[in-house]
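The values are calculated or read from the model by the stated rules, or taken from the named source; none is laboratory data. These numbers were taken from a predicted model, which means no experiment stands behind them. Neighbour counts are summed over all protein chains in view; Cβ atoms, including those assigned to glycine, are modelled from backbone coordinates with ideal geometry.
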Amino acid sequence: MPREGATPRSKRSSLTSEQDDPARTCAVMSTQKRIKNSQTSRTSQHNNSYQTNLLAWKLNEDLSNPKSISKHGQNSPVEDSEQGDEQAEDALQIAVRYFEKGPFKTSRSKDNTLEKHLKTVESMAWKNGLAPEEIDILLNVALSGKFGSAVNSRILRCMIPATLISEDSVVKAVSWLCVGKCCGSTKVLFYRWLVAMFDFIDHKEKINLLYGFFFASLQDDTLCPYVCHFLYLLTKKENVKPFRVRKLLDLQAKMGRQPYLHALLSLYKFFVPTLISVSLPMKKIYFKNPENLWKTALVAVRQRNQEPSPEPLKLILGAATVRPSKRKWDSHSLIPVLHSNIQSKEYGKKGMSLSDYLSRNRAFSAEQLKSFPQLLQNIHCLELPSQMGAVLNNSLLLHYINCIRDESLLLRLYHWLSQTLQEECIWYKVNNYECEKEFTNFLDTIIKAECFLQEGFYSCEAFLYKSLPLWDGFCCRSQFLQLVSWFPFSSFSEVKPFIFDRLAQLFFTSTIYFKCSVLENLKELLQNWLLWLSMDIHMKTVTDSSLETTFSGSMQSVSELINYVGWLSINGLRLESNSTFLLHFVLDFYEKVCDIYMNYNLPLVVLFPPGIFYIALLSLDSSILNQLCYIMHRYRNNLTAAKKNELILKKKSEFIFSSKTCQEYNRYLTAMVGCLWTSKPFQKGSYFDPEVFKVIGIAKYKTSLNLVHHPALLSYAISFLLKEYPEERRVNVSSIRGKKWNEYLDYLFSEGLQGLKLFIRSSIRHSSVP
Amino acid sequence: MDSYDIPESTSSRLKDHFIGATPLQKRLESVRKLTSFVPPSPQRKIPQCSQLQEDVDPQKVAFLLHKQWTLYSLTPLYKFSYTNLREYSKFLSAFIVAEKQKGLAVEVGEDLNIKVIFSTLLGMKGTQRDPDAFLVQILSKSHLPSENREGKVLWTGWFCCIFGDNLLETVSEDFTCLPLFLANGAETNTALIGTWFQKTFDCHFSPLAINAFNLSWMAAMWTACRMDHYVATTEFLWSVPCGPQSLDIAYAIHSEDAKALWDSVHKAPGEVTQEEVDLFMDCLCSHFHRHFKIHLSATRLVRVSTSVASAHTNGKIKVSLNKSS
């Protein structure tokens, strides 16, 4: 039982729990996690930047910062009574300040104000709980003996945390016990409070350092039972010392066989069996339930601490469901909670006693890991989580698994993730909104991890194979398509039947918005593949023949992907009657494609098919035309760079461009220049037959597509002329020629048509002004 | 220009590079194979001699019979070792006690009132390569120290792998592949023990449903078993998908009749084909249609029960009788 052993305290801390609430022991932890989540979600808004943002992960260190917690805690109460709450909060602040400053001399008014403030604190404490700072101040007040013991006891009784209690407050409070300013009953109450609130104290390391002090307090007869109970919760193996055992046995001799002493002794015996030879009676109940004072309050705190994940237990669905659903066994989230793995190395080693096994602290546990420097320092002795799935929620561990190439580690993650995806996938279940939300969140977490690693998980690949044929194209659309975009690089023709053919079916039968998001995600996919390949090239400097073939295979795969998207786009545009909106997404894709050679240093130039080129050229939308110009400009740069490189290397790579690619580009270029600039559209060699213009009745077709008359730019021409003659009722756009043509160009450029500018500057010599 | 063709030449070369020898990549390959368009298992061979008959402990097998088992599929166990079963018993029992008696001290060893026993189930495997199955039992211990210390069985679960060849290929040596888990006992216990396994061996349990396709295979193969005497009728349960409450149709026939029907559709001994299974079920359905004018093919098969065994679509099975010949 590694879990049990690893944190015996947290288990025993639920000693007096009466309801069977599995979340109880991890209440403290879940708050921390929640805060972390809220912080990471803030950073995740800038999706692109966060994989490099180490600072964001540093935030984890501030988890225990009482301020952030208190703010958080204050936010949780119900919203509709906000106004009233605000006032009450002010009153609380005043009351706390009053107690902090201490009682005033004028005794008559003192009693009234004291009573008033006490009432305020009590009501607020029982309603919403107190922030760590408030508890800090009030504990100080209660134990410093400023007020009478009745007041102290009332204050102590309402020390109910909103979420957590800071460890430092407890340490400070304990220091008052040494001064002797508070009476016995206050001390007793304080220990009872400590026992009841033990789970809500954020850390216990410093408190544990005071172990000797607490142990010494056992001598006080009235305190003894309560201190015993507290020590029972606090004791670690290293606290068990022979002199303490002797002392306890002495106490037992003095006070008789008290159950609370037995409890502590049996715990000591559990940790160090060799130290205690006396046999202890097995008793079921060692301690009287000390919680009763705060029972209702504790339930409330626990609820507050769990609030943001209101996941009701899934009920077992009736026989009508296709899959039996399993109630969540151990955790509230699909992703396991982080616990260090002890078993991998020593679990089950013969001759190892349980207590040795519990006290191991040589290795650095994953729970301790809070910052990147810590990871670097302990990378050699890091103890991995017992359930590898926990790394999904921990970016530092994601860093770790990214650089450790341990196959079994990846396999553990693979097995868990595959099965969980399969089990939770909602289109295998009867429709259930709750499930959908949970599944969407789960997918979001996976995608976030993939973005962080810049790498897709194999499990997701397997999941896509299985689930894509059953997907309706609607459920979790955004997440599902993002999973596609993180599809690991592989041979396109091999995965085409499993992924891309099925995606095509959905593409053709879904709405334009679906088409756009598919194209958007395929663009991401292309980018991810290109990045992966360009990294791969840089790593492999040796060029042996086998690598060469696989490399050309990779290039083939990329060009197949591009051709596939081209095919999707043409047919999609046809189905959506050349929608400008869709065309934007198509051209966005080609903006990535045209720069492969220069941006990713990969020898590949793939042109767009004519079906896309001509639709864009003849579009009514100036931004489309502008984008087309930009793409043509980039193609030109890439092709010239590739050609130059080829001349230098004196070696022809089949993928850079065949002479066909160049011819094709020149044909496009001629068509564009002919239309926009020289007013001689569609000369020989273009795909377009000028006869079409005669058929549709445009006589002056030659000029009708130049920069002035082009339907996408005509409005610019008119406003250009109107700028010059604002009064004119009738303008003659044909008047734009010669010098005016150049002015008009400048006007177009100033209107933001930067793509056009780049295209004209690079592709057209200026002597040829028409 | 808009027909999309891909050249076929490079794929195999790429495959050699990308699908290397690592278990992870093998695994992906097998997933791809499984999702390709070939219909799953058009025919199955009935093994003539299984490991079960060779080195079986009859007492233990008898223990597995006549109980209803809930099925779970299980990912491979990480760092599980058959030599540590005794330690596992100790840790698991401490874990259970700790979870059950929250609020009480944790003691390890003697003073528990439950006992956990891990033991191997020899012979519960399809081939020699399959890892040994193992059994986990939770017994209640009586407080009387004298006789009958082995109290009654509170919960039983076992892990097995039968003909797991293609799964085993994809698992590296750190893992033990026992993909099927069967539990009998209170679900809270299953949850508790499952949690322990998940945490200790980084595995994951998920409920295993039996779809109608596999149920009809089970029906056919169980009907085929030759029995000396039939203790129960062969029963099918079909569920009619209609709201708000589903309607179930129960269909019972004499086991001898079912066997006769199967013998008439079954041809080659030692091998069962998909066509035979389909034909068997079609015959049953058309017989029903002749009498009640209800097309059972439009409903969903949810339960099959024969003299040999019964299975429900929600993943509960029960093996009643040993095959006697």
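Test B:Trp196 against the criterion of being outside the structural domain of B:Gly123 (by the TED database), buried (at least 19 other Cβ atoms within 10 Å of the Cβ) and aromatic (Phe, Trp, Tyr), and give yes or no.
Criteria not met by B:Trp196.
Output the residue which, of all residues in the stretch B:195-210 that are in a helix (DSSP H, G or I) and touching a His at 6+ places or on another chain (Cβ under 9 Å), is farthest from B:Leu121 (Cα to Cα).
So, considering only residues that are in a helix (DSSP H, G or I) and touching a His at 6+ places or on another chain (Cβ under 9 Å), the one farthest from B:Leu121 (Cα to Cα) is B:Lys199.
Can you tell me how many residues in the stretch A:160-175 are in contact with a strand residue (DSSP E or B) (Cβ under 7 Å, 6 or more places away or on another chain) and outside any helix (DSSP H, G or I)?
Residues meeting the conditions: 4.
Of all residues in the stretch B:159-193 being within 13 Å of chain A (Cβ to nearest Cβ) and within 16 Å of the chain's Cα centre (by Cα), which is surrounded by the fewest Cβ atoms within 10 Å (Cβ to Cβ)?
B:Leu167
Please specify each residue of the stretch A:567-624 satisfying the condition of being of a type in the set (Lys, Arg) and under 16 Å from A:Lys523 (Cα atoms).
If the condition is that a residue be of a type in the set (Lys, Arg) and under 16 Å from A:Lys523 (Cα atoms), then A:Lys592 is the only one that fits.
For the stretch A:481-495, give me the residue count where each residue is within 14 Å of chain B (Cβ to nearest Cβ) and under 26 Å from the mean Cα position of the chain (by Cα).
Residues in the stretch A:481-495 being within 14 Å of chain B (Cβ to nearest Cβ) and under 26 Å from the mean Cα position of the chain (by Cα): 3 in total.
Test each condition in (1) within 14 Å of chain A (Cβ to nearest Cβ); (2) without any contact (Cβ under 8 Å) to a residue 24 or more places away in the chain for B:Ser286 and report the one that comes out false.
Result: B:Ser286 fails condition (1) only.
Taking the stated definitions as given, is A:Tyr600 farther than 22 Å from A:Gln754 by Cβ, of a type in the set (Phe, Trp, Tyr) and not assigned by the TED database to the domain that holds A:Ala717?
Judged against the criteria, A:Tyr600 is a match.
Could you figure out which of (1) modelled with pLDDT under 80; (2) more than 30 Å from A:Lys127 (Cβ to Cβ); (3) small (Gly, Ala, Ser) isn't true of A:Ala297?
All conditions pass for A:Ala297, except number (2).
Looking at the structure I just gave you, is A:Leu59 crowded, with 18+ Cβ neighbours inside 10 Å and either modelled with pLDDT of 80 or more or in contact with a Pro (Cβ under 6 Å, 6 or more places away or on another chain) (or both)?
no
Cβ-Cβ below 6 Å, separation at least six or inter-chain, first residue in the stretch B:199-213 and at positive phi, second part of a strand (DSSP E or B): which pairs?
B:Asp202/B:Tyr78
From the list A:Asp536, A:Asp472, exactly one residue is at pLDDT below 95, among the charged types (D, E, K, R) and under 22 Å from A:Met598 (Cα atoms). Which is it?
A:Asp536
Look through B:Lys293, B:Lys318 and report the one residue that is more than 14 Å from chain A (Cβ to nearest Cβ), over 18 Å from B:Phe213 (Cβ atoms) and over 21 Å from the mean Cα position of the chain (by Cα).
The match here is B:Lys293.
Find the residue count for the stretch A:456-480, including only residues that are within 13 Å of chain B (Cβ to nearest Cβ) and among the charged types (D, E, K, R).
The total comes to 2.
Quick check: anything in the stretch A:634-652 more than 26 Å from A:Asp595 (Cα to Cα) and modelled with pLDDT of 75 or more?
Within the stretch A:634-652, not a single residue is more than 26 Å from A:Asp595 (Cα to Cα) and modelled with pLDDT of 75 or more.
If you scan the stretch B:209-239, which residues turn out to be touching a Gly at 6+ places or on another chain (Cβ under 9 Å) and at pLDDT 90 or above?
Passing the criteria: only B:Ile210.
Any residue in the stretch A:124-136 that is more than 15 Å from A:Arg304 (Cα to Cα) sitting within a Cβ distance under 7 Å of a residue that is small (Gly, Ala, Ser) and outside any helix (DSSP H, G or I)? List the pairs, counting only those 6 or more apart or interchain.
Listed by first residue and then by second, the contacts come to A:Asp136/A:Ser166.
What are the residue pairs meeting all of these: first residue in the stretch B:291-305, first residue farther than 15 Å from B:Ala219 by Cβ, second residue part of a helix (DSSP H, G or I), Cβ atoms under 7 Å, and 6 or more apart or on different chains?
Going by the 7 Å Cβ cut-off, the qualifying pairs are B:Ile294/B:Phe288; B:His295/B:His289.
For A:Asn394, only one of the following conditions fails: (1) away from chain B (no Cβ under 11 Å); (2) over 16 Å from A:Val337 (Cβ atoms). What is its number?
So A:Asn394 meets the others, but not (2).
Those residues that are crowded, with 16+ Cβ neighbours inside 10 Å, within 11 Å of chain A (Cβ to nearest Cβ) and at pLDDT below 85, I need them from the stretch B:80-130; list them, please.
B:Val97, B:Ala98, B:Glu99, B:Lys102, B:Gly103, B:Leu104, B:Ala105, B:Val106, B:Glu107, B:Val108, B:Leu112
Does B:Ser73 qualify as being at pLDDT 70 or above, surrounded by fewer than 18 Cβ atoms within 10 Å (Cβ to Cβ) and within 9 Å of chain A (Cβ to nearest Cβ)?
When the stated conditions are applied, B:Ser73 passes them.
Looking at (1) crowded, with 16+ Cβ neighbours inside 10 Å; (2) touching a Ser or Thr at 6+ places or on another chain (Cβ under 9 Å); (3) not in a helix (DSSP H, G or I), can you tell me which one B:Ala219 breaks?
Failing condition for B:Ala219: (3).
When only residues in the stretch A:144-184 that are surrounded by fewer than 17 Cβ atoms within 10 Å (Cβ to Cβ) and of a type in the set (A, V, I, L, M) count, which is nearest to A:Ile207 (Cα to Cα)?
Among those that are surrounded by fewer than 17 Cβ atoms within 10 Å (Cβ to Cβ) and of a type in the set (A, V, I, L, M), it is A:Val171.
Looking at A:Leu628, is it out of contact with any strand residue (DSSP E or B) (no Cβ under 8 Å at 6 or more places or on another chain), at pLDDT 95 or above and not β-branched (Val, Ile, Thr)?
The answer is yes for A:Leu628.
For B:Leu247, indicate whether it is in contact with a strand residue (DSSP E or B) (Cβ under 9 Å, 6 or more places away or on another chain) and away from chain A (no Cβ under 12 Å).
Criteria not met by B:Leu247.
Got a sec? Which of B:Leu168, B:Leu182, B:Leu178 is out of contact with any His (no Cβ under 9 Å at 6 or more places or on another chain), assigned to a strand (DSSP E or B) and assigned by the TED database to the domain that holds B:Ile96?
Going through B:Leu168, B:Leu182, B:Leu178 in turn, the sole match is B:Leu182.
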